[in-house]
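The values are calculated or read from the model by the stated rules, or taken from the named source; none is laboratory data. Note that the structure is predicted; figures quoted are calculated from it, not measured. Here Cβ is always computed from backbone atoms with ideal geometry, including for glycine, and neighbour counts include all displayed protein chains.
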Amino acid sequence: MAFRNIKPYAPLAALVIPKRFVEQDPMGLGAEHLETVSRMREIGLAVIARDQPVASGARDFWLKFHKPPHISVEHLHLHVIAPVSTISKWDTIVRFCDEGLACDVLDVLARLRTIGG
């Protein structure tokens, strides 16, 4: 499921969440979450392609998770942000670029594929 963020920081600021509760700990997820995270990425990419096609084509977007304890809600949610080049709020850039605070969906998927065998 995808919906717009109530506090947008880019022309497209959306969230993708799974239908069932999964704890917001993207780097602590088990191999059983590979399909869920893959689907979340697919939905995020589709939202970007639909709502920000230029950013999609230019790969000017982020698909990122916040890492605990730097979270405001306990359920897994993927931030869909585009175009990244339009973000002017410095703290938003820092929060999403600091590897201690956030991680890219592709890094989470790579880890899940590794532990899944």
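Annotations
- Listed by first and then second residue, the pairs with beta-carbon distance under 6 Å, at least 6 apart or on different chains, first residue in the range 90-114 and polar (S, T, N, Q), second surrounded by 12 or more Cβ atoms within 10 Å (Cβ to Cβ), are Thr92/Tyr9.
- Some residue of the range 102-113 being in contact with a His (Cβ under 8 Å, 6 or more places away or on another chain) and modelled with pLDDT of 95 or more: yes
- Residue list for the range 79-109, restricted to those being hydroxyl-bearing (Ser, Thr, Tyr) and under 17 Å from Pro68 (Cα atoms): Thr92
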